[in-house]
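Here's the structure we're looking at; comments come further down.
The values are calculated or read from the model by the stated rules, or taken from the named source; none is laboratory data. What you see is a predicted model, and the numbers here were worked out from it, not measured in a lab. Every residue, glycine among them, receives a Cβ derived from its backbone with ideal geometry; neighbour counts consider all protein chains shown.
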Amino acid sequence: MKTKNDSAVRGKHRKFVSGFVSILGRPNAGKSTLLNALIGAKLAIVSDKPQTTRTLVQGVWTTDSSQVVFLDTPGIHEAETRFNRWMMDSVLEALKERDLLLLVIDSTRPLSPADERSVELIRKTKTPALAVFNKIDALKPKSLLLPLIDQYSRWHEFEEYLPVSALAGDGMDDLRSSIVSRLPEGPAWFPPDHLTDQPERFLAAEIIREKVLHLTRQEVPHAVAVMIDEWKEEPRLLRILATIHVERPGQKAIVLGSQGARLKEAGTAARLELEAVFGRKVYLELFVKVSENWRENERFLRELDWRSMRGASGPDLPDE
């Protein structure tokens, strides 16, 4: 026998769903912009340069009835250097034990064999996946989307094919609903106010790198790494000293700019954003160092990982 209070009781004990979702795709597909849009906060840096994301970035989105743990990944690409292999190892790690995968596709870019290879990675996992066609705000004419969806459906049977614009916010509510509807019943793995597992030092280093990427030429971005050398919290001030590592003297000159003007501009932009993020005054001092072939140095790459963000003296350290 049912009573009038039955529905109220069910409301109090409604099903809570949770799960782990990896965001994958080729370089410059807009994965980091999508993560930031899904979470509603800037957790991953963005730029128009390929391979801006270099390591796994976690973002957590929590509502009254669900919690989704997203994992942003480096772009799927051919790994030719040790650094590239390190990034692709992160991608492969993000494919393991996921509840759902999002394959982010730049809908404005012509199809290529690399697109099919990225789908092959998804297909091998046998994990449910959504095909997310990003940048539809820039797609002209919109009718080009239909043959693109048709080709991806031939490569793999995705759970759903969703057009979005992470930058403009189009389609984001539908995407969130599609994700949540496919998650299993489960607990909240993190407190409601938890957004990311990235330490503050890593976030600071990434913000600095983002500003450098925005101000430098095409040949510099891949060769830029940022290490936090000193992090000192004072009562009214956060003091940060960081080194921007590049591989060649010519790249150092580009980062510095005429009489250090470009470095100063990047530092000012980074400091303002850091103050907004951390809610306090920031003293930021930047240095530029030539660290030859750091992308091939295993120990340097380990130090670059946010899990051990302590700073390093650079690739003059011996490989192990």
| Here are some residues: 154, 117. Which one is in contact (Cβ under 8 Å) with a residue 24 or more places away in the chain and either surrounded by 15 or more Cβ atoms within 10 Å (Cβ to Cβ) or more than 17 Å from the chain's Cα centre (by Cα) (or both)? | 117
| said: Exactly one condition in (1) at pLDDT 95 or above; (2) surrounded by 13 or more Cβ atoms within 10 Å (Cβ to Cβ); (3) of a type in the set (Gly, Ala, Ser) is false for residue 177; which is it? | reply: (2)
| Within the range 1-58, how many residues are assigned to a helix (DSSP H, G or I) and modelled with pLDDT of 75 or more? | 9
| query | Would you call residue 178 among the small types (Gly, Ala, Ser), within 23 Å of the chain's Cα centre (by Cα) and more than 30 Å from residue 290 (Cβ to Cβ)? | reply | yes
| field | Residue check, residue 187 outside the structural domain of residue 73 (by TED's automatic domain parsing) and surrounded by fewer than 19 Cβ atoms within 10 Å (Cβ to Cβ) | value | yes
| query | part of a strand (DSSP E or B) and of a type outside the set (D, E, K, R): does that describe residue 183? | reply | no
| Taking into account only those residues within the range 59-89 that are buried (at least 19 other Cβ atoms within 10 Å of the Cβ) and of a type in the set (S, T, N, Q), which is modelled with the lowest pLDDT? | 73
| In the range 128-158, how many residues are outside any helix (DSSP H, G or I), in contact with a Leu (Cβ under 8 Å, 6 or more places away or on another chain) and either within 19 Å of residue 116 (Cβ to Cβ) or of a type in the set (Ser, Thr, Tyr) (or both)? | 7
